[in-house]
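Each remark here refers to the structure printed beneath this line.
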Amino acid sequence: EKSAQTSKEAAGSSAVEAAPADPLDTYDGPPVTALDIRVGRITKVWEHPEADKLYCEEIDVGEDEPRQIASGLRPYMNAED
């Protein structure tokens with residue numbers, strides 16, 4: 001009975017040793033400080049004239065003029081949302 005318990009304990013400890021590596025230890029991308037993340041307000045939305053899955057959007061991020069971007073949200077959201 002004692003040897004069965006020791007086997008279970010040994011199996012449990014090997015599971016801890018076999019844990020996958022932390023993704024942060026193997027990350028080779030740019031540093032997070034290199035990202036330029038901004039929050040903005042969508043002021044205008046229209047359907048892209050040449051693509052069925054794209055919206056064109058005008059977004060105010062606090063700069064002199066709003067930015068115009070294209071996003072693939074058309075299959076998932078209505079323009080009114």
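The values are calculated or read from the model by the stated rules, or taken from the named source; none is laboratory data. It should be emphasised that the depicted structure is a prediction, and the values quoted were computed from it without experimental measurement. Ligands, DNA and RNA are stripped out before the accessible areas are found, and what is left, the full protein with its side chains, is counted by its heavy atoms. Shrake-Rupley method; radii C 1.70, N 1.55, O 1.52, S 1.80 Å.
The single condition among (1) open to solvent by 60 Å² or more (accessible area, probe 1.4 Å); (2) at pLDDT below 95 that residue 44 does not satisfy is (2). The residues on offer are 28, 36, and the sole one that is over 30 Å from residue 74 (Cα atoms), modelled with pLDDT of 70 or more and either under 27 Å from the mean Cα position of the chain (by Cα) or not in a helix (DSSP H, G or I) (or both) is 28.
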